[in-house]
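Only one structure is covered here, and it is reproduced in the block below.
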């Protein structure tokens, strides 16, 4: 019997009778992080990290949520589980599973580069590694974070000098807080869409410092946001909500901005390739550092990345899951519900 199995409900550990990021309601669910394709409504019991809980509580309001510290071991029917930093968003974890000397690690979503706000990725040795591959092609290689934020700051200053408001689209959970934490807030005022500000409130209540922001309401005069930075979810792009900001410059922060033509399809003036997922080199580094002999690839460029790993001599397999990674259209975080918009990045 395999330590972890891929079932219709999700990734299952039969010995412990628990699921990892299941996509159908189950009794006991171990959750890597709070994005809607990994933390779903309807489970009886949730187990997650201490820093992931506030967002999961906000989104799903489950009756039973237990938490663990990073690195803390939990024994369930003889199986040892522990959560280790994934670097994806605040509280995101890889889940290590050990039974009778066999070790498997499920990554959820992850990135290796430190972003200054999320807990930094920790490589975990294992025999079996279950990885995403959202950006599993050699074309995806991210710039250093400080370079990207220098470009964003310059774009904001330029717009301000030209009398324009700067509107940047970033996913409400994770990307928006990373932007706010690393932006040069001395340039001007920062406003937010309600979906972003709701998550900011949850994050600030955890003691995490973000610069002052003000949610856009109908009572705020236009002169208040002139020359300011406005952070909104991708679902707001092209909506009537945005028209009030004219004249404005629109930017999109997403890993897909590394591809030519994506910015044009989004109708954006600027695209900043900023992703909370691993790029090609990081994916390869993560696999290598685990020392795993067997690799399962769950979402993204699964066929291509698993084939590449086989060419490197690994026992690698593509598996079908309902995880989505960073996609261009989809759902956006709302209080306990998913409204039409853009899926997490």
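Side notes on the structure shown:
- The orientation-averaged projected area of the convex hull spanned by the Cα atoms of the stretch 17-83 comes to 3.9 nm².
- The chain - share of DSSP beta bridges that are antiparallel (%, nearest 5): 40
- Kirkwood-Stokes translational diffusion coefficient of the chain, alpha-carbon pairs, 4 °C, 1.567 mPa s, µm²/s: 63
- Taking the C-alpha atoms only, the angle from helix 280-290 to the longest principal axis of the chain is near 30 degrees.
- Residue with peak Gaussian network fluctuation, the chain [Cα springs, cutoff 10 Å], from 165, 131, 32: 165
- Net length available on complete extension from residue 218 to residue 5 is 71.6 nm, with 0.36 nm assigned per residue and the Cα-Cα distance removed.
- Helix 194-204 axis, angle to the chain major axis (alpha carbon atoms, nearest 10°): 60
- Between the beta carbons of residue 41 and residue 201, assuming R0 = 22 Å, the FRET efficiency works out to 0.60 to the nearest 0.05.
- Degrees separating the helix 145-161 axis from the principal Cα axis of the chain, which is the longest one: 20
- Estimated purely from DSSP H runs of n ≥ 4, each contributing -39500 (n - 2.57), the mean residue ellipticity at 222 nm for the chain is -6500 deg cm²/dmol once divided by its residues.
- Euclidean distance of C-alpha centroids, the stretch 96-152 and the stretch 232-292, integer Å: 18
- As a proxy for reagent exposure, 279, 115, 109, 315 were ordered by neighbouring Cβ count within 10 angstrom, fewest first; the result is 315, 115, 279, 109.
- Over the stretch 145-272, equivalent-ellipsoid semi-axes from the Cα gyration tensor in Å: 20, 18, 15
Bear in mind that the values in this text are calculations on the coordinates, not laboratory data. Note that this is a predicted model, so its numbers are computed, not measured. When we count neighbours, we look across all protein chains shown, and the Cβ atoms used for this are built from the backbone with ideal geometry, even at glycine.
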